[in-house]
Amino acid sequence: MKTKNDAVKIGPVLHLQTPGINRQPADEARGRDSARGGEASPMARGFTAFANHVAHVTGRPVTFVVCCIVILTWAISGPIFNYSDTWQLIINTGTTIITFLMVFLIQNTQNRDGAAVQAKLDELIRAVEGARNHFIGIEHLTAEQLEAILAVCEREAVADVDAAIGRVAVIDGKSSTEERQ
């Protein structure tokens, strides 16, 4: 009987078997959203493809150069249009609309990238013997809770380094040698 933490080997990739998830390596290429147990909607697939394409294109140096040329052309055309309100409105409206839309596209790409990295880190924590599994899912904690965990981890790291070089570190009133006994 398989439990939710059983893993199976599918091709070259190890996959965690979780209820409702039956992810195959080519699911994304086929447009499958198996985490929800079915096909991804055409709108979701289309938006993801569009967001990925826009993020790729806008991150290229040539895009920056094109934007600089547009701004330069606009600035040079100022005297031709007597620096009119319409001339100013064109650049203000254009840049505002582009900025507004790019915020959502970039956020979508960042959310998906962050979720993918988090899933990979969680799998590494789960798979590495001796790792503390209670770190899985800490990205859902508050900033204060994360800072407290970070402080504890940093103190433990200092104690481990001190122990490795023979110094005695004190953590929460206990020396590192007392804590390990």
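A few notes on this one:
- All of (1) under 23 Å from His53 (Cα atoms); (2) surrounded by 11 or more Cβ atoms within 10 Å (Cβ to Cβ); (3) out of contact with any helix residue (DSSP H, G or I) (no Cβ under 8 Å at 6 or more places or on another chain) hold for Asn108 with one exception: (3).
- Condition broken by Val117, with the remaining ones in (1) modelled with pLDDT of 90 or more; (2) of a type in the set (Val, Ile, Thr); (3) over 22 Å from the mean Cα position of the chain (by Cα) satisfied: (3)
- Selection status of Ala163, outside the structural domain of Ala55 (by TED's automatic domain parsing) and exposed (fewer than 12 other Cβ atoms within 10 Å of the Cβ): no
- Matching residues in segment 76-97 - criterion: being part of a helix (DSSP H, G or I) and surrounded by 12 or more Cβ atoms within 10 Å (Cβ to Cβ): Trp87, Gln88, Ile90, Ile91, Gly94, Thr95
The values are calculated or read from the model by the stated rules, or taken from the named source; none is laboratory data. As the structure is a computational prediction, the values presented were derived from the model and not from experiment. Cβ: placed from backbone, ideal geometry, glycine included. Neighbour counts: every protein chain shown.
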